[in-house]
1. Answer with yes or no whether B:Glu111 is exposed (fewer than 12 other Cβ atoms within 10 Å of the Cβ), acidic (Asp, Glu), out of contact with any Cys (no Cβ under 8 Å at 6 or more places or on another chain) and outside the structural domain of B:Gly13 (by TED's automatic domain parsing).
2. Could you check how many residues of region B:1-25 are on the phi < 0 side of the Ramachandran plot and within 14 Å of another protein chain (Cβ to nearest Cβ)?
3. For residues that are outside any loop (DSSP other than H, G, I, E, B) and touching a helix residue (DSSP H, G or I) at 6+ places or on another chain (Cβ under 6 Å), scanning just region B:116-152, find the one that is farthest from the other protein chains (Cβ to nearest Cβ).
4. Give me the helices (runs of 4 or more DSSP H) completely within region A:124-241, filtered to those with at least 2 residues that are open to solvent by 10 Å² or more (accessible area, probe 1.4 Å), ordered by residue number.
5. Only one of (1) open to solvent by 10 Å² or more (accessible area, probe 1.4 Å); (2) modelled with pLDDT of 95 or more fails for A:Gln317. Which number is that?
6. What residue, of A:Ile302, A:Ile308, is open to solvent by less than 10 Å² (accessible area, probe 1.4 Å) and under 21 Å from A:Asp275 (Cβ atoms)?
7. Mind checking which residues of region A:413-423 are modelled with pLDDT of 85 or more and surrounded by 20 or more Cβ atoms within 10 Å (Cβ to Cβ)?
8. If you take the residues of region A:64-79 that are buried (at least 23 other Cβ atoms within 10 Å of the Cβ) and not in a loop (DSSP other than H, G, I, E, B), which of them is nearest to the other protein chains (Cβ to nearest Cβ)?
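The values are calculated or read from the model by the stated rules, or taken from the named source; none is laboratory data. Source: prediction; values computed, not measured. Neighbour counts run over all protein chains shown; Cβ positions are idealised from the backbone, glycine included. Each accessible area value is taken on the protein alone, full model and side chains, heavy atoms only, with ligands, DNA and RNA left out. Shrake-Rupley method; radii C 1.70, N 1.55, O 1.52, S 1.80 Å.
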Amino acid sequence: MKNTLTTHPEAGPRETLENAFSCGLETAWSRLEEQEPQCGFGTLGLCCRICRMGPCRIDPFGDGPKTGVCGATADIITARNLIRMIAAGSAAHSDHGRDIAHSLLIAARGEATDYTIKDEEKLKNIAGEIGIEVKGKDIRQLAEEVAEKLLAEFGRQDGELLFTKRAPEKRQKLWREEGLIPRGIDREIVEIMHRTLMGVDNDAENLIRQGVRASLGDGWGGSMIATELSDVLFKLPQPIRAQVNLGVLREDEVNIVVHGHEPTLSEIIVAAARDPELLKLAEEKGARGINLAGICCTANEILMRHGIPIAGNFLQQELAITTGAVELMLVDVQCIMPSLGSLCQCFHTKLVSTSPKARFPFAEHIEFKEEEALSIGRRIVRMAIENFPNRKKEKVSIPSKYISGVVAGFTPENVYQFLGGKYRGTYRPLNDAIISGRIRGAAGLVGCNNAQMGHDASHVQMARELIRHDVLVVATGCSAIGLAKAGLMQPESALKQAGRGLREVCEAVGLPPVLHLGSCVDCSRILVTLCNILKEGGLGDDLSDLPVAGAAPEWMSEKAVAIGFYFVASGVQTIISPSFPVEGADGTLELITRGLEKIVGAGFEFEDDPIKGAHLIIKHLDKKRAALKLAPMMYDLAPSALTLKNKDVEKKKR
Amino acid sequence: MKMLQIDIARCLGCHSCELACAVEHSRSKLLSEAINESPPPGYRVSVIGVDGAVGPLQCRHCDDAACVMVCPSGALVKSEEGPVFLNHALCVGCQLCVIACPFGVIYSDREGKAVIKCDLCRERLEREEDPACVTACPTKALRFIEPENVKE
């Protein structure tokens, strides 16, 4: 096995992987080996397949062609391709948001009776915010109006998206002046597709600006709508204890794994799995109960709201099946490997696809409809139970020692209470801690796993180095799951690894040093949190003044590109690894690093070493602290062992 | 001694061998850094198209090598193991070998002061690895095999 197979010690069970390998089963890692070496033109972003005069390639060494057949340079090609990635990522998040808004609409109209409005207070707050009169309306009427108004955001043609008003005045003004405020969620995505067509927009900066605008339509539009309305429909998460990693699968219970992204279905499965009739059936089939576990972001959604355990993140979807203990894996959309079906053929596991948008080889398709949600949910759970007797004992190997505790379910709303107490919620203690130099600042760790890199290794190493240097870490998506597996979201053990200042603050208010903020659409929660911190005062008057940064240290999905861009466009410096496929074009590279910084006050940095990445963040936070004239860090730290080691290595290289 | 075999039918003209060759002959041996090196590393294999067929072409390491015969400085040597090696330090850049080579696979370097040619990835061979172009080929159009295994 090659080094690409390295997983972080707490990340996941190597044994399961080795087991799969020795059985001759394919996984993402073995398929990567088949793919290697991967194409250098693609890695550098120097190929273009947009029109059929191509495919064209630019020679990065300068001996061969410098432009495509149409005359497009490396800068044009990379900029076009990069913003197409933004279009895809924004489309995915936003379509998820659209589905949630649609569910709320039909629930409000009484067409989907299995859904109720669980968080009336949040609904009223949103209604007030977007200019809907709350008084004298019953909750269903209000929900209908909110859903309709937010659904209209997708097809809006002009003006400014409603939630962009949440951003600080100064940021809104900057966006307005630079022409970056999204006019409509769908419109900006469509415009990317138009502009990148052969022979339309051929100016790298103009292209990137449109990418920025579409990404803002995701962060402050589609994703934010997904988060806000999920809270309305399924309740605002509250801090909750749960368990993570493949060890959550149970040998004596029916294991159902939900995988994908949209909570509309997984919420119903949670309800169906608690149905007494089905529990009785499970008992009849010889199981001690029904064990629900999640993978990827749908896991984060039900973890945050119900404490349902997480089986793993993106790269563990195949490993879950190879435990031989999963009766049924249920998938909807996004990040679902097409390999799952054929892997299920080697076990008794049933793969069930549910979205009309996403079908998979060897999967049984049971289409999900909100109108019949619970009966479909029950049917799927029943199918899993009936599959339990088919489980082959000799094939079962659950890596039970891989399990960690996690405290999840933080939101911008409940962090208020954590910091200020139940009756006078406030961000003041956090701002004070930053101002006085106990906490250096905050970093958002987001994004995927990537088989090209050690599984979770970058997330974990980066987070450890950050909290050691008194940086509060917030995480979403697969990054959050990776950090949870490493025990960084368990206050008891994690605080030991935190710097003294951060530890003091976290102990005082009862928070872990790494906060789980939810799924990938919940990156919008990070934006809202930053706005709240800014409003509390004392840390500047724009998001780009705050000592905060973002990182996607193991990204692979186009969704991460969209998130990265709306972070940067909101003024948050962001560290990316592996680099975006633009390295072959100096102009585009310059544009998205230093160029964007000039326009929006933040840019991208590419760094593959997670420790060096963490120090880029620390350096950035220190720069922002200095600009705000904040107190020096209260307990400054000797350079870490890890950084020392890196320096030694560098010296040796010289 | 193993030799390079090219299966023209399998070559899709992706130029991956060229990139891998340049990276292998760069200082950093990393694609992302090699593209910024000065002078650029340059590649010793090139994908050429003739009459609709496309394939990679690099030094054939001829037994009776014209380039070795014309080299006035002794920079080009037919080694005992088989490959024709270039001693860069001895090359005066007269380009006679470029003219003499019947396959056109010896190139002038970027500064025109010396030539560059395929060395079958000498360092890789010492580590018992196949040449970079061979491992880079996604369709296995390039193979590095013992002469007796060459199929007609």
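1. It is true that B:Glu111 is exposed (fewer than 12 other Cβ atoms within 10 Å of the Cβ), acidic (Asp, Glu), out of contact with any Cys (no Cβ under 8 Å at 6 or more places or on another chain) and outside the structural domain of B:Gly13 (by TED's automatic domain parsing).
2. 12
3. First, pick out the residues of region B:116-152 that are outside any loop (DSSP other than H, G, I, E, B): B:116, B:122-126, B:132-136, B:142-145, B:147-149.
Now drop any that are not touching a helix residue (DSSP H, G or I) at 6+ places or on another chain (Cβ under 6 Å), which leaves B:132-133, B:136, B:142, B:144.
On the way: B:Ala132: 9, B:Cys133: 11, B:Ala136: 5, B:Leu142: 13, B:Phe144: 15 Å.
If we take residues in region B:116-152 being outside any loop (DSSP other than H, G, I, E, B) and touching a helix residue (DSSP H, G or I) at 6+ places or on another chain (Cβ under 6 Å), then B:Phe144 is farthest from the other protein chains (Cβ to nearest Cβ).
4. A:139-155, A:169-178, A:185-195, A:204-217
5. (1)
6. A:Ile302
7. A:Glu413
8. Filtering region A:64-79 for residues that are buried (at least 23 other Cβ atoms within 10 Å of the Cβ) and not in a loop (DSSP other than H, G, I, E, B), the one nearest to the other protein chains (Cβ to nearest Cβ) comes out as A:Ala74.
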